[in-house]
1. Output the residue which, of all residues in segment 55-78 that are of a type outside the set (Ser, Thr, Tyr) and without any contact (Cβ under 8 Å) to a residue 12 or more places away in the chain, is nearest to residue 170 (Cα to Cα).
2. Using the structure shown, decide if residue 90 is touching a Lys or Arg at 6+ places or on another chain (Cβ under 9 Å), modelled with pLDDT under 95, over 29 Å from residue 196 (Cα atoms) and not small (Gly, Ala, Ser).
3. Can you find, within segment 43-83, the residue that is nearest to the chain's Cα centre (by Cα) among those that are surrounded by fewer than 17 Cβ atoms within 10 Å (Cβ to Cβ) and part of a strand (DSSP E or B)?
4. If you take the residues of segment 162-196 that are in contact with a helix residue (DSSP H, G or I) (Cβ under 7 Å, 6 or more places away or on another chain) and over 19 Å from residue 68 (Cα atoms), which of them is modelled with the lowest pLDDT?
5. Looking only at segment 102-117, count every residue that is exposed (fewer than 15 other Cβ atoms within 10 Å of the Cβ) and either more than 23 Å from residue 79 (Cβ to Cβ) or of a type in the set (Asp, Glu) (or both) and tell me the total.
6. Among the residues of segment 116-138, write down those that are under 20 Å from residue 81 (Cβ atoms) and within 16 Å of the chain's Cα centre (by Cα).
7. Going through segment 108-138 one residue at a time, which ones are modelled with pLDDT under 95 and charged (D, E, K, R)?
8. From the list 141, 159, 153, pick out the single residue that is surrounded by fewer than 17 Cβ atoms within 10 Å (Cβ to Cβ), closer than 22 Å to residue 38 by Cα and under 18 Å from the mean Cα position of the chain (by Cα).
Amino acid sequence: MGTERGTETLLDRAKAYIAAKYQKPGNVYLGIVSRLDAPVTGIVLMARTSKAAARLTEAFRTRVVEKTYLAIVEGQPPEEDDTIQHFLRHDERHRKVHVTSAGAEGAQLAVLSYKLQGSSAGLSLLEVKLQTGRKHQIRVQLAKLGCPVLGDQKYGARQKFSAGIALHAWRLALEHPVQHTPLSLECTPPASWRATGVAKLLPKVQDV
């Protein structure tokens with residue numbers, strides 16, 4: 001999400017891959033089920049049939065999909081393990097999301113939980129589980145906590161990060177839309193994370 005018009009997207013590449021692998025002529029159908037902001041890395045879920053896409057979209061809507069992220073943030077959160085909630089509102093004019101009051105026009109409840117995995121050199125590694133799926137939710141809520149995501153200068157980060165921002169969609173746990181069996185997906189953080197001061201904490205998280 002947020003790429004400039006005309007830029008090649010992950011969807012473009014995935015369709016080309018499916019067309020080549022299965023020798024499909026004409027247009028290839030792929031339904032985008034989960035999305036990531038352009039500077040975020042990790043798992044993106046696509047469906048190869050409209051029926052699967054509808055079932056997966058409903059699973060996300062009813063919050064039966066478990067979504068786990070990793071975030072490297074500036075500073076250290078006040079608690080090692082906590083659930084936080086805010087009301088968020090999208091500012092179309094400035095293309096940002098703000099924390100607002102419950103009664104404000106357009107306010108949406110946003111809830112997430114986090115666990116501190118460790119801190120080093122002024123940075124902390126957090127495991128984040130989403131309970132709602134609001135636009136820029138993790139970025140805004142962690143910034144409000146005083147711990148902006150590394151590299152996320154849009155939401156108050158002071159330090160730059162070589163690969164956009166240090167937010168990664170790490171795991172998805174859900175039911176297969178056709179086979180109805182448990183499906184667990186995991187994507188290792190990119191190599192750019194290893195250059196940070198909390199790199200030594202990553203193997204600890206990956207073994208959870």
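The values are calculated or read from the model by the stated rules, or taken from the named source; none is laboratory data. Computed from a prediction, not measured in an experiment: that's the story for all the values here. Note that we place each Cβ from the backbone using ideal geometry, even for glycine, and neighbour counts take in every protein chain shown.
1. At the first step, the residues of segment 55-78 found to be of a type outside the set (Ser, Thr, Tyr) are 55-56, 58-61, 63-67, 70-78.
Those left that are additionally without any contact (Cβ under 8 Å) to a residue 12 or more places away in the chain: 58, 61.
Numbers: 58: 21, 61: 19 Å.
Ranking the candidates gives 61 first.
2. Numbers: touching a Lys or Arg at 6+ places or on another chain (Cβ under 9 Å): yes; modelled with pLDDT under 95: yes; over 29 Å from residue 196 (Cα atoms): yes; not small (Gly, Ala, Ser): yes.
Yes: the conditions hold for residue 90.
3. Result: 66.
4. My answer is 163.
5. Counting residues in segment 102-117 that are exposed (fewer than 15 other Cβ atoms within 10 Å of the Cβ) and either more than 23 Å from residue 79 (Cβ to Cβ) or of a type in the set (Asp, Glu) (or both) gives 4.
6. So the first thing to find is which residues in segment 116-138 are under 20 Å from residue 81 (Cβ atoms), and the list is 116-120, 123-132, 137-138.
If the condition is that a residue be under 20 Å from residue 81 (Cβ atoms) and within 16 Å of the chain's Cα centre (by Cα), then 125, 126, 127, 128, 129, 130, 131, 132, 137, 138 are the ones that fit.
7. 134, 135 - these are the residues of segment 108-138 that are modelled with pLDDT under 95 and charged (D, E, K, R).
8. Values: 141 fails: surrounded by fewer than 17 Cβ atoms within 10 Å (Cβ to Cβ); 159 fails: under 18 Å from the mean Cα position of the chain (by Cα).
On inspection, the qualifying residue turns out to be 153.
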